[in-house]
Amino acid sequence: MHRYFIKLAYDGTPYNGWQIQKNAPSVQAVINEALTQLCRESINVVGCGRTDTGVHARVFYAHFDLSNPLEDLLGLVRNLNHYLPKSIVIFNIFPVSPDAHARFDAILRTYRYYILRSKDPFKQAFSYFYHGPLDISIMNEGAELMQNFHDFTSFSKVKTQTKTNLCQIKEAYWTIEDNLLVFTISADRFLRNMVRAIVGTLLDMGKHKITLDELSAIIEHKNRAEAGYSVPAKGLFLENVIYPDVINAQK
């Protein structure tokens, strides 16, 4: 068996997330069909994680197995991009060891959430428009405070199949880029809906609806009902996924 990694990106607007679902379009299903047709072998790609309905990925990795080695990787990339819809692009396909895993071997994931602060017809499809006043300094204090915690049950969808809600946040901060307010967060793993719930809670801080002490209490109580609202999916992007050097060297 020969294993390959795929580096790709996608606009999540037309899809009900990455993961295959019954009676709903998914990125995984579209790529499975394309690879199966082009490689003439039944293929199921395994993604580096699950993105929810409407969430985008500037960088996403998946792996798949083939019975025989691929001789023309560049040709397959070219043919895939011709076959796939405009919402999905393949950057690269490269061989990895048979035990390399797109999901379990990832050591760091980075998401960014984009908030549009003034009307802009060229950005509104991929950002959340919020025009009201925000205290960005306190929002950054809240983002920094979160790095002291590990259990993020308060920001997870309930009744998920996740065995643990423990995550190690490596960085979290807000920046201003032209007319966008951007939240960047990196961690070893993320829970379902976690980033969007964190953003909604930090926005409440920026509106002075909750304090730093109240944010700490929200996290400690491990109750989703106490945290802020979940912001719209269209502003969320998976920006990067980092692997050990043995895989990084080939990307």
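The values are calculated or read from the model by the stated rules, or taken from the named source; none is laboratory data. Only a predicted model underlies this, so the values are computations on that prediction, with no experimental measurement involved. Every residue, glycine among them, receives a Cβ derived from its backbone with ideal geometry; neighbour counts consider all protein chains shown.
Residue by residue through the stretch 116-163, note down the ones that are surrounded by 13 or more Cβ atoms within 10 Å (Cβ to Cβ), among the polar types (S, T, N, Q) and in contact (Cβ under 8 Å) with a residue 60 or more places away in the chain. Result: Ser127, Thr153, Ser154, Ser156.
Looking for something over 20 Å from the mean Cα position of the chain (by Cα), surrounded by 14 or more Cβ atoms within 10 Å (Cβ to Cβ) and not assigned by TED's automatic domain parsing to the domain that holds Asn179 - is there at least one such residue anywhere in the stretch 26-35?
For the stretch 26-35, residues over 20 Å from the mean Cα position of the chain (by Cα), surrounded by 14 or more Cβ atoms within 10 Å (Cβ to Cβ) and not assigned by TED's automatic domain parsing to the domain that holds Asn179: present.
Considering only the stretch 100-125, state which residues are among the hydroxyl-bearing types (Ser, Thr, Tyr) and over 19 Å from the mean Cα position of the chain (by Cα). Of everything in the stretch 100-125, just one residue is among the hydroxyl-bearing types (Ser, Thr, Tyr) and over 19 Å from the mean Cα position of the chain (by Cα), namely Ser118. Could you go through the stretch 40-48 and let me know if any residue there is closer than 24 Å to Ser127 by Cβ, of a type outside the set (Lys, Arg), in contact with a Gly (Cβ under 8 Å, 6 or more places away or on another chain) and not assigned by TED's automatic domain parsing to the domain that holds Lys170. No, that holds for no residue. From the list Ile138, Ile93, Ile115, the lone residue that is assigned to a strand (DSSP E or B), hydrophobic (A, V, I, L, M, F, W, C) and over 20 Å from Gly49 (Cα atoms) is Ile115. Among the residues that make up the stretch 108-121, is at least one of them in contact with a Cys (Cβ under 6 Å, 6 or more places away or on another chain), among the hydroxyl-bearing types (Ser, Thr, Tyr) and at negative phi? No, the stretch 108-121 has no match at all. Thr36 meets each of the listed conditions (1) under 23 Å from Phe104 (Cβ atoms); (2) at pLDDT 95 or above; (3) of a type in the set (Ser, Thr, Tyr) apart from (1). Of the residues screened, Leu108 is not one that is farther than 29 Å from Arg192 by Cβ, in contact with a strand residue (DSSP E or B) (Cβ under 9 Å, 6 or more places away or on another chain) and surrounded by fewer than 19 Cβ atoms within 10 Å (Cβ to Cβ). In the stretch 39-61 there is no residue that is under 30 Å from Ile176 (Cβ atoms) and in contact with a Pro (Cβ under 6 Å, 6 or more places away or on another chain).
Yes or no, residue by residue, for (1) out of contact with any Gly (no Cβ under 9 Å at 6 or more places or on another chain); (2) more than 30 Å from Lys157 (Cβ to Cβ):
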residue	(1), (2)
Ile6	yes, no
Asp11	yes, no
Ala24	no, no
Ala62	no, no
Leu66	yes, yes
Asp72	yes, yes
Val77	yes, yes
His82	yes, yes
Leu108	yes, no
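Go over the candidates Thr13, Thr51 one by one and state the one that is at pLDDT below 95, part of a loop (DSSP other than H, G, I, E, B) and either surrounded by 18 or more Cβ atoms within 10 Å (Cβ to Cβ) or in contact with a helix residue (DSSP H, G or I) (Cβ under 9 Å, 6 or more places away or on another chain) (or both). From the options Thr13, Thr51, the qualifying one is Thr51. From the list Arg196, Arg189, the lone residue that is in contact (Cβ under 8 Å) with a residue 12 or more places away in the chain, buried (at least 18 other Cβ atoms within 10 Å of the Cβ), in contact with a Cys (Cβ under 6 Å, 6 or more places away or on another chain) and among the basic types (Lys, Arg) is Arg189.
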